[in-house]
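The values are calculated or read from the model by the stated rules, or taken from the named source; none is laboratory data. This is a predicted model, so every value here is computed, not measured. All Cβ positions, even for glycine, are placed from backbone atoms using ideal geometry, and neighbour counts span all protein chains on display. When the accessible area is computed, the model is the full protein with side chains, heavy atoms only, and any ligands, DNA or RNA have been set aside. Shrake-Rupley method; radii C 1.70, N 1.55, O 1.52, S 1.80 Å.
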Amino acid sequence: MTSNDDYVLQLLLEQNLVTQDQVDNAAISLRQEGETTVDVLLNMGTISEEDTLALIASQFGMEYVRLDAESIDSSIRDVMQADMARKYGVAPLYKTGDTLTLAISDPMNYDAIDSLGYLLKCRIESVVASRADIKGVLDSFYPAGSDMESLLDQMSETDVDVAQVLEGGDDGGDVDAPVIKLVNLLIVEACNRRASDIHLEPMERNFRVRFRIDGALQEMENPPKRLQGSILQRLKIMAGMKIAEKRIPQDGRIEISYQGRGLDLRVSCIPTNHGESIVMRILDKESISFGLPQLGFLSDDQQKFERLIALPDGVLLVTGPTGSGKTTTLYACLGQINQPDRKIITVEDPVEYQMSGVNQVQVQADIGMTFSYALRSILRQAPNVVMIGEIRDRETADIAMEAALTGHLVFSTLHTNDAPSAITRLLDIGVKQYLVASAIRAIMAQRLVRCICPRCVEAHTITEREARMLGPMAATLQSSEVRRGRGCTECNLTGYKGRKGIFEIMLVDDVIQRMIFDNKSAAELRRRAREMGMRTLREDGLLKVTSGMTTIEEVLKMTMGDAD
């Protein structure tokens, strides 16, 4: 009934709704795990749920209501996602201004009320209703989300044996087995929500499932903790891992078909304190469906970048941290210049997307097929364009620079925070200054920011905190209409849908070449690039705030280290 059984029992005794003997008998009758004495009294008919809830509500100065789904405006469902409503056991009723009224069966569940206020970014007012009434409203509002929940309900009442998961071996076994159906539903749900990663994380008391959607992790409906071993075993079988090995990390892959497309799931398994943690990265291996215009360039930067990728030779580097979209940018570049008169070869680890007309080479370090080894060989294939997935060492960097000097156009990535730092990084790993200065044509740093959901976009007034963090840059936004996403079911209540890039393009001219020869610092290179018109990541991001593409919050989060 509530999170405090003793408190409710005391109220019932004070109001003479039950006797002490009835309470004692009910306590003796407890059978199921998690069942309370109040639950037993309700099941026995000693007390009515309506009288009990009305009593509890009055003690907290709240209203007890009976709910009828037909009398509630169904559009209110857009303020809350189905799995969030079911997780916290609440039903949205109506919203006035920034105050949302929810029906809740346990007014003492303060954690739920506080969490919902934070997640929904509004003030919460509560009324008390029965669990059955709340469930009726949720079933009416969110009928489509019942598959996963009904399966979890079924499995909560059924003991699932690991042997059941293993009996089918590598061919998948009985597709009607509950664990197999749950794993399949989990993957399909991730694809439906445009997730890039699925995270399954064993905690001390629960088994947490999260999807990374538009770069941010969102918690899903968590399976019961006791199913943890069965689910992990099933995924390890699908990924071709050793199911008996639980002491060391393992990697694997799962190939699936989703809506007629082939998807590749890259699976990583690592032992943790409370079990093995699995992360699955979802890749569409058949195609990449967008080009340069969809990356998020402003018109002047796109023209500049198109001129760069049309050059006959030289090195073009894309830099940024893991997950900043570097590889996607390189694929978009290749798609732009992929013509019958050009031979393009890539060296990747792993090959993430299949591109028609491009020769793609997979690195296999365990057999000696490293980046540097593959590069030496493919240069004998007389390519016009070479893409190197990542420059990781001096040998690979040297070959890339020399290839550029012998007439090849080379694309690659590097892990640095901004564009000028890439020069310093190459020199630090031992590449000669004359090679860096002569071969590199441009360096582009990038980040991915979430785009405002077009369905729930609204005007936004710059807060004092945002103005303080922006400093002098805040003045550039005062005359512009700034927007944000309110949050709706279309965007999973985040206010964002999709991601695009913010960019910092540094061209290497004669002056910067001389500065590289003179071993100038990244700060000095940065000043020269700014004099040539380079926009910093933050400046580019704020221009995209004024265009209505993203929010100040996103730009600040992704460019915290960008001081000037």
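Residues in the chain average 48 Å² of solvent-accessible surface per residue, probe 1.4 Å, ligands and nucleic acids excluded.
To the nearest whole percent, what portion of all C-alpha pairs in the stretch 387-451 is separated by more than 15 angstrom? Cα-Cα pairs in the stretch 387-451 separated by more than 15 Å: 50 percent. Note on the stretch 349-371 and the stretch 228-250: Cα centroid distance 26 Å, given to the nearest whole angstrom.
Coupling constants for the stretch 441-458 follow from the phi torsions by the Karplus curve (6.51 cos²θ - 1.76 cosθ + 1.60, θ = phi - 60°), and in residue order they are 9, 6, 10, 10, 8, 8, 9, 10, 10, 6, 8, 5, 5, x, 6, 10, 5, 8 Hz; glycine and proline get x.
A dipole drawn for the chain from +1 and -1 charges on Cβ atoms has a positive end, and of 469, 319, 61 the residue lying farthest that way is 319. Peptides 63-71, 201-209, ordered by how many other C-beta atoms sit within 10 Å of their residues on average, highest first, read 201-209, 63-71. In this rough spin-label picture, where each label sits 7 Å from Cα along the Cβ direction, the residue 184-residue 248 distance is 3.4 nm.
Full-extension gain between residue 49 and residue 339, please, as 0.36 nm times their residue separation minus the C-alpha to C-alpha distance.
Numbers: separation 290, 0.36 × 290 = 104.40 nm, distance 7.22 nm.
The residue 49-residue 339 span can extend by a further 97.2 nm.
Convex hull volume of the C-alpha atoms in the stretch 352-472, normalised per residue: 202 Å³. In this model, which of 520/544; 95/544; 326/544 are farther than 23 Å apart at the alpha-carbon? Where the Cα-Cα span goes over 23 Å, the pairs concerned are 520/544; 95/544. Taking a 32 Å limit on the Cα-Cα distance, which of the listed pairs 135/225; 121/225; 225/557; 236/557 fall beyond it? With Cα atoms farther than 32 Å apart: 225/557; 236/557.
Would you mind telling me the share, in percent, of accessible area of the chain contributed by carbon and sulfur at probe 1.4 angstrom? Here it works out to 46 percent. Label sites at residue 530 and residue 39, each approximated as a point 7 angstrom past Cα along Cα to Cβ, lie 6.3 nm apart.
Note on the chain: dipole from Cβ charges, positive end direction compared against 110, 177, 218; the farthest Cα belongs to 218. Averaged over residues, the count of other Cβ atoms within 10 Å places the peptides 414-420, 507-513 in the sequence 414-420, 507-513, highest first. Cys residues of the chain that find no other Cys beta carbon under 4.7 Å: 122, 191, 269, 333, 451. So what's the gap between the Cα centers of the stretch 59-100 and the stretch 469-506, to the nearest angstrom? Between the Cα centre of the stretch 59-100 and that of the stretch 469-506, the gap is 29 Å. Against the main long axis of the alpha-carbon atoms of the chain, helix 146-156 sits at an angle near 60°.
Counting only DSSP H runs of at least 4 residues, each contributing -39500 (n - 2.57), and dividing by the residue count of the chain, the helix-based mean residue ellipticity at 222 nm comes to -10500 deg cm²/dmol. Relative to the Cα centre, the charge distribution of the chain, modelled as +1 at Lys and Arg Cβ and -1 at Asp and Glu Cβ, gives a dipole magnitude of about 2900 debye. Computed over the chain, the P(r) curve from all C-alpha pair distances, binned at 10 Å from the origin, holds 3, 14, 20, 22, 18, 12, 6, 3, 1, 0 percent per bin.
For the stretch 414-509, just say rounded, prolate or oblate: build the C-alpha gyration tensor, square-root its eigenvalues into a ≥ b ≥ c, call rounded for a/c under 1.5, and beyond that prolate if a/b exceeds b/c, oblate if not. Working shown, then result.
On the way: a/c = 3.44, a/b = 2.16, b/c = 1.59.
In terms of gyration-tensor shape, prolate.
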